[in-house]
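These notes concern the structure reproduced below.
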Amino acid sequence: YTYGYLNFDNISLTLGLSYDDIESEIQNHSVDETSPKLGLLWQINNDMRLRMATFQTLKRFLASNQTLEPTQIVGFSQYYDDTNTSKTENFGIAFDYKPVQRISSGIELFKRELDIPDLTGSSPPVFFFQQFHSEVFCSMK
């Protein structure tokens with residue numbers, strides 16, 4: 001993976017790209033995937049900021065669910081406890097407001113399009129993806 005961070009006056013841009021080449025003897029398949037990442041953080045003023053991100057991920061086999069790759073893009077989580085080799089496309093927008101030092105609020109809209117791998121009971125196993133299109137999260141804090 002590689003990430004670049006560009007900072008301008010009141011705008012921060014995150015650019016990233018990860019590549020995974022997974023060979024699974026247990027599931028008898030391989031996955032070769034490039035996942036782009038883009039994030040934008042606009043500090044409107046001292047109290048308000050706008051965050052936007054779009055990125056793709058591939059859930060890889062992790063030892064103790066740990067990775068060196070950044071786990072967030074401008075505050076949006078990019079890794080969940082999905083099935084190994086699941087593919088996701090993620091889109092998010094959020095508005096954060098902090099009127100005083102110890103109080104903050106905001107709203108966040110986040111959409112994940114998730115392709116989950118599945119093995120049929122045939123021999124040899126056949127690998128395919130089940131597609132889930134609507135996982136939309138809205139949270140207020």
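Give me a comma-separated list of calculated 3J(HN,Hα) values for the stretch 89-101, in order, Karplus coefficients 6.51, -1.76, 1.60 applied at θ = phi - 60°, integers in Hz, x for any Gly or Pro.
Whole-Hz 3J(HN,Hα) from phi for the stretch 89-101: 10, 10, 9, x, 9, 8, 10, 10, 9, 10, x, 9, 4.
So, in nm, how far is label L17 from label L40 when the simple model puts each one 7 Å beyond its Cα toward the Cβ?
So the label points at L17 and L40 sit 2.1 nm apart.
When the chain is fully extended, how far beyond the present Cα-Cα distance does T67 get from S104, taking 0.36 nm per residue of separation?
Numbers: separation 37, 0.36 × 37 = 13.32 nm, distance 2.96 nm.
Result: 10.4 nm gained on full extension.
No value in this document is a laboratory result; all are computed from the given coordinates. Everything numeric here is computed off the predicted structure, so don't read it as measured data. Quick reminder, even Gly has a Cβ in these numbers, built from the backbone with ideal geometry, and neighbours come from all protein chains shown.
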